[in-house]
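Before any comments, here is the structure.
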Amino acid sequence: MKRFSVLAQQCLLLMTCLLMALEAVPIDIDKTKVKAEGHVEGEKVENPDTGLYYDEYLRQVIDVLETDKHFREKLQTADIEEIKSGKLSRELDLVSHHVRTRLDELKRQEVARLRMLIKAKMDSVQDTGIDHQALLKQFEHLNHQNPDTFEPKDLDMLIKAATSDLENYDKTRHEEFKKYEMMKEHERREYLKTLDEEKRKKEESKFEEMKKKHGDHPKVHHPGSKDQLKEVWEEADGLDPNEFDPKTFFKLHDVNNDGFLDEQELEALFTKELEKVYDPKNEEDDMVEMEEERLRMREHVMNEVDINKDRLVTLDEFLRATEKKEFLEPDSWETLDQQQLFTEDELKEFENHISQQEDELRKKAEELQKQKEELQRQHDQLQAQKQELQQVVKQMEQKKLQQGNPPAGPGGELKIQPPGEHKAGDAPQHPAGGDQPLPPGHGQEPAVRTDQVHP
């Protein structure tokens, strides 16, 4: 979730899920001894990519809206429910003409971009069929029926689309991780099939040994529990564990001083716990699994603490959580190595899907090979025809030389001039050669005298 860093507090409220400040003091620095550096007025903070396919459009709309004083004030006082319900979108009618004009321009550019991408997609899949529903989904963040002007409906659709897409991001991550784990197991089993019985036993023994070694780690504290936070307080912050204070802890780890613990700030709290289980130097420890464990921890704390489900933890929400019984006496935390990540049936279905994909790729490869062989055959045939033509031309040249005829030029033309065609100024020659006079009728006709008149 490192890509879910901040967009600025206004953007956070507007999108409900676009989180966190970019500039963060490392977790192991005691903020009580660090002088906070305020942002320069008007300073532009570069925000990270949200991962949405309309990310740039979303940012540009937010930037333009923030230039309107009225809308910015409404945004700062609005709560999450007002934003989600579309009430804030109706404030768009009150923004300045300049802002609306700029939003109209942004929308036209976005519609043109999507149309170009969809056309390219349709051209690329014209032989395999078109998923029209998937194409229409590309327009869910704006009203494509009105491609020219940005209306309150466009803002409402943009907010709802971004909220939904970002809320589903974690679910997508979990699904991708599950596929990753099944692929690992599939490849391991396929490799075992290539070994003889003795080597296979050794490999399976090594695999079990690595699993046992990975599972042999110190106790992992329940994420968000008092024991877990006190460990951060003592080891990361360097403070006396007997003086643990939740309010001070919150302010120490609100690294951008915005009054919230966002997702990245929460995930930073679990580093010490993760280091108990994962070490990049160990062959048995998978860093992809470590990031999935971090995501699970953050999700758990958010579900327990984030009362209004805006993906941000306020000081009030944090303090309420520390008063619960679960904070003082939590259940034990099961790490990924203690859980069954997939069933045999799920693995079998996954392998069948892989097999189908491999079959399709194999068929395509065979078709391409046939096309390649046909092109090679046509190429060889043309080469043979070319060689035959060259041989015929060569034989004709040799035959002309043997008959005393001059060879033909590059274009097949004769290199001698036909009879009766002479260059200007050339005197006609006797057929047999020499300087003897030409026979009657073979010489030049006498010039006609104009001073003589014939009857």
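Every number here is computed from the coordinates shown, using simple stated rules; none is lab data. Quantities reported herein were computed from a predicted structural model and do not represent experimental measurements. Quick reminder, even Gly has a Cβ in these numbers, built from the backbone with ideal geometry, and neighbours come from all protein chains shown.
Summary table below
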read-out	value
Qualifying lysines (Cα of each under 17 Å from Cα of Lys399; at least 8 residues distant if same chain)	Lys415
Karplus (6.51, -1.76, 1.60) ³J(HN,Hα), θ = phi - 60°, over segment 98-113, in Hz, Gly and Pro reported as x	4, 5, 5, 5, 5, 5, 4, 5, 4, 5, 4, 5, 5, 4, 4, 5
Filtered trypsin sites (Lys or Arg not before Pro), segment 277-309: DSSP coil and at most 14 other beta carbons within 10 Å	Lys281, Lys309
3J(HN,Hα) from dihedral phi, segment 158-163, Karplus parametrisation 6.51/-1.76/1.60, rounded to Hz, x for glycine, proline	5, 5, 5, 5, 5, 4
Those trypsin sites (Lys or Arg not before Pro) in segment 156-257 that DSSP places in a loop and that have at most 11 other beta carbons within 10 Å	Lys219
Rounded to whole Hz, the Karplus (6.51, -1.76, 1.60) HN-Hα couplings of segment 273-279, x for glycine and proline	5, 5, 5, 5, 9, 10, 9
Which listed pairs, of Lys107/Lys171; Lys171/Lys309; Lys121/Lys179; Lys211/Lys276; Lys121/Lys178, have C-alpha distances above 19 Å, in listed order	Lys107/Lys171; Lys121/Lys179; Lys121/Lys178
